[in-house]
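Q: Below is the structure I would like to discuss, written out as structure tokens.
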Amino acid sequence: MSLGSHWRRSAASAVFLLAVPAALQAADPPKILRVTFQAAETGFDPVRVSDYYSGQIIEAIFDPLLTYDYLARPAKLVANAAESLPEISSDGRSYVFRIRKGVYFADDPAFKGRKRELTALDYAYSFKRFYDPRHRSPYAFLFTGKIVGLDELAEQAKASGSFDYDAPVAGLQTPDRHTLVIRLKQPDPNFSHVLAYPLSGAVAREAIEAYGDESPSHPVGSGPFLLKRYTRSSKIVLAANPGYRGKLWDFVPGDDPRQREIASQMQGKRLPRLDGVEVSIMEETQSRWLAFQRGETDIEYQLWDVAPTFMTDDGKLRPEFVRRGIQLDRTIDPEITYLYFNMQERIGEAPNPVGGFGKERIALRRAIAMSYKVEDQIRIIRKGQAVRAEYPVPPGVAGHDPGYRSLIPYDPRAANELLEKFGYRKGADGYRRQPDGAPLVIRNASTPTERDRQFDELLKRSLDSIGVRLEIQKERFPELLKLEKQCRHMTRMAAWIADYPDGDNFMQLLYGPNVNESNNACYRSKEFDRRYEKSRRLADGPERDRLYHEMTRLMEVDTVWLLLDSRIRNALQQPHVVGFTKHPVLHTEWLYLDLAPRSGD
Amino acid sequence: MLGYVVRRLWQFVPTLLGVVLLVFFLFNFVGGDPAYLLAGKISNPAQIENIRRQLGVDQPYAIQLWIFVKQIASGDFGASWSTNERVSEIFATRLGPSLTVLVPLLAIGTLLAMAAAMLVAYLRGSLTDRAIMVGCTVAQSISILVYILVFQYVLAYQLGWFPVQGWGITFAENLLRYSVLAIIVGVAVSLAPDIRLYRSFFLDEINQDYVRTARAKGLSERRVLWVHVLRNAAIPIVTNILLQLPGLLAGAFLIERFFGIPGIGREVILAVERSDFPVIKAVTVYVAVATMIVNLAADLLYKAIDPRVQLK
């Protein structure tokens, strides 16, 4: 470009700027937060989805009765659409909620031009939908078997083919427009958590009926955002809901300096601060990483594979990123990963070499568990971005015991001795046989993905070190689910992330009656079940902690699981993102964030 | 001619039946039970049965197959099992983005490959020919993934010429801003095999008697190449492009995933990951039908371009 043309362009710009009214120049650009999902959403009807990503959008659009304090750790329930936490009867079976007055659904053609207030009836209707067999809700388990009268209504619906939403339900009463009374079949200290789950938000019956089968792409809620533009599997654009009742950022920080900094920046601000959120679906890590570095996205936390690129070994941001003002937030996910054994004596007609409670079977499971070096998994596969899990309840979840130490050490030498002692002798091929001389082959079920191949290799190396032959049973994910629900697998590595921040969500994975539902190890122990049933009636506290401790010891003595790790979530943020700290339970933090002007704005 | 077309159309029926049987049995015996995926984290056998009943996968295979045939006849494959979106809507909304990338990609790639192929065919045996052929062999041996990773890193991230990924609202924005890098990658990937293939087509023609005759008549080398050779070599080239089209539509999933293009290829992968049989069925049938139609069109085109061709 010549000097002359440069001068002319500058002069033209100056004239333009002078001509623009001062008010317009001062107008702030809209605050649009740009984030990514690493997998496509499936839709935004609370009863029809099960994936985490759809749940994030649902959380932004719908209003549950309760939610969580943004800063309190461990997570603490607070009122949301309800005026306060529920009044719970002394027997723990009855919950009374007072719904806030003057809360409205976002304007929608389904309301035919009228303002539509959120009422107790909307929650009653929304909860009933989870029982409607037509919706085949993946999260029906949150409600099934809990509210008086609703299971019976669901059975009638199965018989008649349609769910009667107008039928009176003893466990779901609305004495007035703003009071909701829920009666449970039995006390459930975790029921409040269910009502804070994003999928428990209220939908409007008119909107659901107006959109019918299209309801997953026409979400109408009363939450802080509304769906502005939607290109399936590609882009989801949310706008701040102009009719949102608003909230004040009013949280008490803990001792964490980061929390104090956030509180000093955000305290007293009216929420939401953002004008919108733009979500791009980016399945590939490279795309997400480059887009973040180019400033095309504002927050990125799905970067496990490239973590060493931006982090030092001790979990700090590399200096070049610090210089650019990039911020890093690290939290341990409320999850566990674990290797588990099918505890049934037989798989179909064939004997299961790892199943049962005989001493030699326990010895085999124990030896396998002792041969697996979890530290290698964290170093090689997780690239250092995980912590060893020692307790079935992960950090950040009520019931976690940070002092608990596993009974099962990494000790391949002792594992070999154990196998020798119980008659698992090596054959000419170097692999051990069962005590009765039959061949011993452990079959681990996994999916044909690159990540599972890494786990397979680590497990193979471990079992080779104790002379146990391993076969990998490759199955597509749906088939794998079927195998484990039907107790037809032998071993598998799996992960469980908290649906609600309470240890019960993890301990139920080992409860006998949950075989074929969530107890995929097919573990049936009277001792464990007795303690679990007792623990289920207790709130978080020393008595329940003691039971959890005993249950964990029982699980380890029987060696049902080998606990592996909990992943660390590294959230990178651009310098202009204000107020971000990853909440252990909430799916998103969008409501509590602000954006400072970007350089160049 | 009409008799030939009718005969060929009749042949579609057994071919399509073969495709239907193949996809049906693959899905039912290899694909996995979708009910377990749709049931969510915690489910009981009754819920699984309810889902299977709603999806119709609890029906005898003969009935499921008959429903599949009726869907093909009516062109209505129902709704996606995972998102509830109508399959017809999926195709209607994903076809545009796929074509926005594929049409320019094919046009530019073909023109460049033809020009380069004609040059190396003309210079056959020269250093230029050998160098380009070696280059093509090397380029062809590199995975498409490497092209994507390198081009995205260098052109989008380091040089900042293009957005790393994304998709906008208007056609112009998508074509001129978001598709360009994907088109460049697609062209780069297709160039090497196309040059090699087209070179062989040109060489076949350059050695024909009519070319020697044209030269003997004193026609300029430019006219010989651009008019006589090109016209005859264009027949297999056009056939090749037409045959590639249906497969390309569903097969461009890597480019679509990396560059965030909401096209058909990406949808196919999602459907496979989710065991979404209605979408898988529709894609398979559409690609099969498109391939058969394109085959027929290519044969008719042969006849139109070269009257010596006999259609039997």
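Q: Just checking the output field for B:160-168: average partner chain Cβ neighbours within 10 Å of each residue's Cβ?
A: Numbers: counts 1, 0, 0, 4, 12, 11, 8, 5, 2.
Taking the mean over all residues of the peptide, I get 5.
Q: So with the 1.4 Å probe, I'd like the accessible area per residue for the stretch B:125-189, rounded to whole Å². Working shown, then result.
A: On the way: 3340 Å² over 65 residues.
Ligands and nucleic acids excluded, the figure is 51 Å² per residue.
Q: Once both labels are modelled 7 Å past Cα along the beta-carbon direction, what's the A:Glu261-A:Asp275 spacing in nm?
A: Going by the 7 Å Cα→Cβ label model, 2.7 nm.
Q: Which order do A:Arg232, A:Arg425, A:Arg324, A:Arg379 take by accessible area at a 1.4 Å probe, largest first?
A: Working: A:Arg232 30, A:Arg425 125, A:Arg324 105, A:Arg379 150 Å².
Result, largest first: A:Arg379, A:Arg425, A:Arg324, A:Arg232.
Q: So how do A:255-264, A:67-76 stack up, highest first, on mean other-Cβ count within 10 Å? All intermediate terms of the calculation are to be shown ahead of the outcome.
A: Numbers: A:255-264: 13.9, A:67-76: 19.2.
Answer by packing, highest mean first, reads A:67-76, A:255-264.
Q: Still on this model: What number comes out for accessible area per residue over the stretch B:243-291 if the probe is 1.4 Å? Units Å², please.
A: Ligands and nucleic acids excluded, the figure is 28 Å² per residue.
Q: At 7 Å along Cα-to-Cβ for each site, give me the label-to-label distance between A:Lys76 and A:Glu155 in nm.
A: According to this spin-label approximation, the distance is 4.3 nm.
Q: For the interface of B with A, what's the total buried accessible surface in square angstrom, probe 1.4 angstrom, rounded to the nearest hundred? Numbers along the way, then the final one.
A: Details: alone 17270 and 26790 Å², together 39780 Å².
Protein heavy atoms only, the B-A interface buries about 4300 Å².
Q: Partner chain Cβ atoms within 10 Å, averaged over the residues of A:133-146 - can you pull that number for me? Could the numbers behind the result be given before it?
A: Working: counts 6, 2, 1, 13, 4, 9, 3, 7, 7, 2, 0, 4, 1, 0.
Across A:133-146, the average partner-chain Cβ count within 10 Å equals 4.
Q: Under 15 Å from the Cβ of B:Asp76, count the other residues' Cβ atoms, weight Lys and Arg +1, Asp and Glu -1, and hand me the total. If you can, show how the numbers build up before the last one.
A: Values: positive: B:Lys70, B:Arg86, B:Lys281; negative: A:Asp213, B:Glu85, B:Glu89.
Neighbourhood net charge equals 0.
Q: Let me ask another. So, by mean Cβ neighbours within 10 angstrom, what's the order for B:255-268, A:234-247, A:300-313 with the highest one leading?
A: Values: B:255-268: 26.2, A:234-247: 18.3, A:300-313: 16.4.
Ranking the peptides B:255-268, A:234-247, A:300-313 by packing returns B:255-268, A:234-247, A:300-313.
Q: So for the stretch A:268-412, Kirkwood radius off the Cα pairs, Stokes-Einstein at 37 °C and 0.692 mPa s: how many µm² s⁻¹? Numbers along the way, then the final one.
A: Details: Rh = 19.5 Å.
Here the translational diffusion coefficient equals 169 µm²/s.
Q: Express the accessible area of the stretch A:400-491 per residue in Å², computed with a 1.4 Å probe while the remaining protein chains stay in the model. If you can, show how the numbers build up before the last one.
A: Numbers: 4560 Å² over 92 residues.
Counting only protein heavy atoms, the per-residue value for the stretch A:400-491 is 50 Å².
Q: Give the angle, between 0 and 90 degrees and rounded to the nearest 10, that separates the Cα long axis of helix B:45-55 from the longest principal axis of the Cα atoms of chain B.
A: On a 0 to 90 degree scale, this one is about 50.
Q: Okay, which of the stretch A:358-382 sit inside 19 Å, backbone N to the point 7 Å along the Cα-Cβ direction of B:Ile269?
A: none
Q: Which whole-number percent gives the relative contact order of chain B, counting Cα pairs below 8 Å spaced six or more residues apart?
A: Working: 289 pairs, mean separation 80.8, N = 312.
For chain B, the relative contact order is 26 percent.
Q: I've got another one for you. Could you state the angle between the C-alpha long axis of helix B:180-206 and the longest principal axis of the C-alpha atoms of chain B, as a value from 0 to 90 degrees rounded to the nearest 10?
A: Orientation of helix B:180-206: about 50 degrees from the principal axis.
Q: Additional query: At a 1.4 Å probe, what is the % contribution of carbon and sulfur to the accessible area of the protein assembly as shown? Please report the intermediate quantities before stating the final value.
A: Values: 23090 of 39780 Å².
Summing carbon and sulfur atoms, their accessible area is 58 percent of the total for the protein assembly as shown.
Q: Next question. Show me the ranking of peptides B:149-160, A:336-347 by mean Cβ neighbours inside 10 Å, starting with the highest. It would help to have the intermediate numbers written out before the result.
A: Numbers: B:149-160: 15.5, A:336-347: 21.6.
Order by mean packing, descending: A:336-347, B:149-160.
Q: For A:Glu589, what residues show an amide H to amide H distance below 5 Å, using hydrogens built from the backbone and excluding near sequence neighbours?
A: none
Q: Measure nothing but the geometry: give the 0 to 90° angle between the long axis through the Cα atoms of A:412-421 and the longest principal axis through the Cα atoms of chain A, rounded to 10°.
A: Tilt of helix A:412-421: around 40 degrees.
Q: Related question: Determine Rg/Rh for the stretch A:273-359; Rg is computed over alpha-carbon atoms and Rh is the Kirkwood hydrodynamic estimate from the same atoms.
A: Numbers: Rg = 21.8 Å, Rh = 17.3 Å.
A ratio of 1.26.
Q: Please enumerate, by chain and number, the lysines with C-alpha under 18 Å from the C-alpha of A:Lys101, excluding those fewer than 8 residues away in the same chain.
A: A:Lys115, A:Lys247
Q: Provide a list, ordered by number, of residues in the stretch B:242-271 showing at least 40 Å² less accessible area with every protein chain present than when their chain is taken on its own, using a 1.4 Å probe.
A: When all protein chains are present, B:Arg257, B:Phe258, B:Arg266, B:Leu270 each give up 40 Å² or more of accessible surface.
Q: Based only on Cα atoms, what mean projected area does the convex hull of the stretch B:33-74 have, in nm²?
A: On the way: hull surface 12.9 nm².
If I average the Cα hull's projected area over directions, I get 3.2 nm².
Q: For labels at B:Ser141 and A:Arg318 in the simple 7 Å Cα→Cβ model, what's the distance in nm?
A: Taking the two extended label points, one gets 3.1 nm.
Q: Cross-link candidates for A:Lys383: which lysines have Cα within less than 17 Å, leaving aside residues fewer than 8 places away along the same chain?
A: Once the sequence-local lysines are set aside, what remains near A:Lys383 is A:Lys316, A:Lys373.
Q: How would B:Ile90, A:Ile332 line up by accessible area, probe 1.4 Å, largest first? Walk me through the intermediate numbers first.
A: Numbers: B:Ile90 5, A:Ile332 60 Å².
Per-residue accessible area, sorted high to low, gives A:Ile332, B:Ile90.
Q: Could you sort out which of A:Lys146/A:Lys482; A:Lys359/A:Lys421; A:Lys485/B:Lys41; B:Lys70/B:Lys281; A:Lys76/A:Lys582 sit more than 18 Å apart by Cα distance in this structure? List each step's numbers first, then the result.
A: Working: A:Lys146/A:Lys482 26 Å; A:Lys359/A:Lys421 11 Å; A:Lys485/B:Lys41 10 Å; B:Lys70/B:Lys281 12 Å; A:Lys76/A:Lys582 14 Å.
A:Lys146/A:Lys482, as the Cα separations exceed 18 Å there.
Q: Based on the alpha-carbon set only, what is the convex hull volume of the protein assembly as shown divided per residue, in Å³? The partial results should precede the final answer.
A: Working: hull volume 220.5 nm³, N = 913.
Value for the protein assembly as shown: 241 Å³ per residue.
Q: For chain B, count all C-alpha to C-alpha pairs, find those more than 24 Å apart, and express that count as a whole percent of the total. Let's see the in-between values first.
A: Values: 31276 of 48516 pairs.
When every Cα pair of chain B is considered, 64 percent fall beyond 24 Å.
Q: Excluding B:Val211 itself, calculate the net charge of residues whose Cβ lies under 14 Å from the Cβ of B:Val211, where each Lys or Arg counts +1 and each Asp or Glu counts -1. Provide the component values of the computation, followed by the final result.
A: Values: positive: B:Arg124, B:Arg212, B:Arg215, B:Lys217, B:Arg222, B:Arg223, B:Arg231; negative: B:Asp204, B:Glu205, B:Asp209, B:Glu221.
Net of charged neighbours comes to +3.
Q: Still on this structure, please answer the following. As a check on your grasp of the helix formula, calculate [θ] at 222 nm for chain A: sum -39500 (n - 2.57) over DSSP H runs of n ≥ 4, divide by the residue count, round to the nearest 500.
A: Numbers: 18 runs with 171 residues, N = 601.
That calculation yields -8000 deg cm²/dmol at 222 nm.
Q: While we're here: Determine the shielding of peptide B:42-53 by partner chains: average, over its residues, the number of Cβ atoms on other chains within 10 angstrom of each Cβ.
A: Numbers: counts 14, 12, 9, 4, 2, 8, 7, 0, 5, 3, 1, 3.
Partner-chain Cβ atoms within 10 Å, mean over residues of B:42-53: 6.
The values are calculated or read from the model by the stated rules, or taken from the named source; none is laboratory data. From a predicted model like this one, the values you see are computed outputs, not experimental measurements. Positions of Cβ are generated from backbone atoms using ideal geometry, with glycine treated the same way; all protein chains shown enter the neighbour counts. Only protein heavy atoms, including side chains, enter the accessible area calculation; ligands, DNA and RNA are left aside. Shrake-Rupley method; radii C 1.70, N 1.55, O 1.52, S 1.80 Å.
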